[in-house]
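The values are calculated or read from the model by the stated rules, or taken from the named source; none is laboratory data. In this text, all values refer to a predicted model and were calculated from it rather than measured experimentally. Note: ideal-geometry Cβ built from the backbone for every residue, glycine included; neighbour counts use all protein chains shown.
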Amino acid sequence: MSESINKIVIVGGGTTGWMAAASLSQFIKDKAITVTLIESPDIATVGVGEATIPNIVGFNKDLGIDEVELIKATQATFKLGIEFENWHKKGENFFHPFADYGLKIDNVDFHHYVNRAKLAGNKHNLQDYSFACALARQGKFAQANSDPQSPLADYSYAYHFDAVLYAEFLQKFSVKRGIEHISANVCDVQLNQMSGFIESVQLADGRKIEGDLFIDCSGFKALLIDGAMKVGLDDLSKSLPCDKAIAVQTELVADPTPYTRAIANNAGWQWCIPLQHRMGNGYIYSSQFLNDQDAEDEMLATVDGKTINNVRHFDLPLAKRKVIWHKNCFALGLAAGFIEPLESLGISLIQSGLAKLYTFFPDKSFNVHDTAEVNRLHNVELDRAVDFLALHYKLTKRDDTEFWRYCQTMPISDALTHKIAVYKSQGQIVMYDNESFEEASWLSMFTGFDVNPQRFDVRAKNIPLELVEKNLAQMKASMNSAAQQAMTHQQFLDKHCRAERDI
């Protein structure tokens, strides 16, 4: 009989470490397993990844966390999607909602009917047929009904929150549920000389912490998976052009929007993430086309409101860990690699990493085939995510700077080339296994960048064009009317989950 895992050690705190701890507190509740988290008192949380995607809502709900309590504690606002400004061309915007567009008719995707009408010479904007887009356009917010009268009202939301406050919230939550918290620096990692497995970590105060399974949440330093076990990285810089970031917080000067703004700049893009108590701003850019001081000057010239902290500079090592599970060490978060935050995937990848660990949860034998499958799934997931992010740059028509001209010519994967070609031909969206983004997200990008298919699904001809046009007009009017009746985002926050501003 194999021996069960009895002791899990998490090295590193912050958002990643405490998400792992909180999730594990639920996973082990009926098991004879203890979890210890070791957090350095000298390393601050990076704390700039403040936008999320909808699966964070389910993550917190599954842990039994009260949503209103969480929102108040983290100064959170709601996120219906991302507004992309100046990406396709200067002066043009489009929205990426957390929602589908329309409904299938006779088993044919809705956008084929829109494409049919457009090819007939009629003007249509696919975003007119998403309720989430209608809400965002009007600065409104409403929680989707779990049983909506119309399937058209089915949409998802995520959060903007203070990542430091979220880590603090999960720390209290986890400790209350039995997670041991040690505040200390790890100064050494002891490996078994025969097997290469981690036996223990040595703390600066002299303590030695032993474990069966070690989870590396130590950020870019990757103390365990890289520092001790020498598992390197695969470079992604040829697939994603931006390798630097700066961030600064500013005072709010207007009501927070129910979406993230991603604004294309001269050599990258700028984010605006509204919280209840402040605005998070940052600039992701390419050092090949812009130096640090010019990037800072460019961002500070465009932010609204007075700055409330100093500008922070970050190098972004665009890379994925060769494997995230090596022997008895499992890497999460930045220790597992980094792809830029354009679509707010950072926290989601922590969640998907944990899900893979639970699906293939080991015993002390650490079956090599199980670990190999987790690593395969993770690599595929990252490859598909990188393709989606690269699409944002590749489809631009901007040629006003050297950076954007480079983006149009930069190399992309064969898989992404194939996806683009198939959509251009017939409007069909190719989906692979382990995609982080669903068909509607790919559709948002194709339509937002004005990629117009040459044809459409021939089955969309089965309904008379006049009837299609009539139904489209009714749908657009219905969605706009319903959005008008909703509260503004600020009214919703004030009524249901307003946080204290003075923190």
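Taking into account only those residues within region 257-312 that are farther than 29 Å from residue 54 by Cα and among the acidic types (Asp, Glu), which is surrounded by the most Cβ atoms within 10 Å (Cβ to Cβ)? It comes out as 298.
Looking across region 423-458, just one residue is farther than 25 Å from residue 154 by Cα, part of a helix (DSSP H, G or I) and charged (D, E, K, R), and that is 424.
A Cβ distance below 7 Å, combined with a sequence gap of six or more or placement on separate chains, defines the contacts here; from region 392-418, residues that are within 13 Å of residue 242 (Cα to Cα) reach residues that are charged (D, E, K, R) and surrounded by 14 or more Cβ atoms within 10 Å (Cβ to Cβ) in the pairs 404/398; 407/394; 410/394. Just one of (1) out of contact with any helix residue (DSSP H, G or I) (no Cβ under 9 Å at 6 or more places or on another chain); (2) over 24 Å from residue 56 (Cα atoms); (3) free of Cβ contacts under 8 Å to residues at least 60 places away in the same chain fails for residue 279. It is (2).
Here's the yes/no breakdown for (1) at pLDDT below 95; (2) buried (at least 23 other Cβ atoms within 10 Å of the Cβ):
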position: 64; (1), (2): no, no
position: 68; (1), (2): no, no
position: 72; (1), (2): no, no
position: 80; (1), (2): no, yes
position: 84; (1), (2): no, yes
position: 89; (1), (2): no, no
position: 92; (1), (2): no, no
position: 103; (1), (2): yes, no
position: 106; (1), (2): yes, no
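Region 1-111 holds strands (runs of 3 or more DSSP E) entirely within its bounds, and those carrying 2 or more residues that are of a type in the set (Ser, Thr, Tyr) map to 34-39. Filtered by the rule that a residue be more than 13 Å from residue 476 (Cα to Cα) and assigned to a helix (DSSP H, G or I), region 112-132 gives 112, 113, 115, 116, 117, 118, 119. When restricted to residues that are in contact (Cβ under 8 Å) with a residue 40 or more places away in the chain, of a type outside the set (Phe, Trp, Tyr) and surrounded by 11 or more Cβ atoms within 10 Å (Cβ to Cβ), region 456-470 contains 8.
Before we move on, is residue 183 among the polar types (S, T, N, Q), farther than 30 Å from residue 481 by Cα and surrounded by 16 or more Cβ atoms within 10 Å (Cβ to Cβ)?
Numbers: among the polar types (S, T, N, Q): yes; farther than 30 Å from residue 481 by Cα: yes; surrounded by 16 or more Cβ atoms within 10 Å (Cβ to Cβ): no.
No, not satisfied.
Out of 264, 204, I need the residue that is modelled with pLDDT of 95 or more and more than 29 Å from the chain's Cα centre (by Cα). Which one?
None of the other options fit; the residue is 204.
Within region 260-271, identify whether any single residue is at positive phi, touching a strand residue (DSSP E or B) at 6+ places or on another chain (Cβ under 7 Å), free of Cβ contacts under 8 Å to residues at least 60 places away in the same chain and not basic (Lys, Arg), and answer yes or no. Looking through region 260-271, none of the residues is at positive phi, touching a strand residue (DSSP E or B) at 6+ places or on another chain (Cβ under 7 Å), free of Cβ contacts under 8 Å to residues at least 60 places away in the same chain and not basic (Lys, Arg). Among the residues of region 136-147, is there at least one that is within 17 Å of residue 443 (Cβ to Cβ) and either within 22 Å of the chain's Cα centre (by Cα) or not β-branched (Val, Ile, Thr) (or both)? Yes, because at least one residue in region 136-147 is within 17 Å of residue 443 (Cβ to Cβ) and either within 22 Å of the chain's Cα centre (by Cα) or not β-branched (Val, Ile, Thr) (or both). Listed here are the helices (runs of 4 or more DSSP H) enclosed by region 316-422 that have at least 1 residues being more than 15 Å from the chain's Cα centre (by Cα) and of a type in the set (Gly, Ala, Ser): 346-359, 368-394.
Does region 385-399 include one or more residues that are within 17 Å of residue 239 (Cα to Cα), of a type in the set (A, V, I, L, M, F, W, C) and surrounded by fewer than 18 Cβ atoms within 10 Å (Cβ to Cβ)? For region 385-399, residues within 17 Å of residue 239 (Cα to Cα), of a type in the set (A, V, I, L, M, F, W, C) and surrounded by fewer than 18 Cβ atoms within 10 Å (Cβ to Cβ): absent. Kindly evaluate residue 425 against the criterion of being surrounded by fewer than 17 Cβ atoms within 10 Å (Cβ to Cβ), farther than 17 Å from residue 340 by Cα, under 26 Å from the mean Cα position of the chain (by Cα) and in contact (Cβ under 8 Å) with a residue 24 or more places away in the chain. The answer is no for residue 425.
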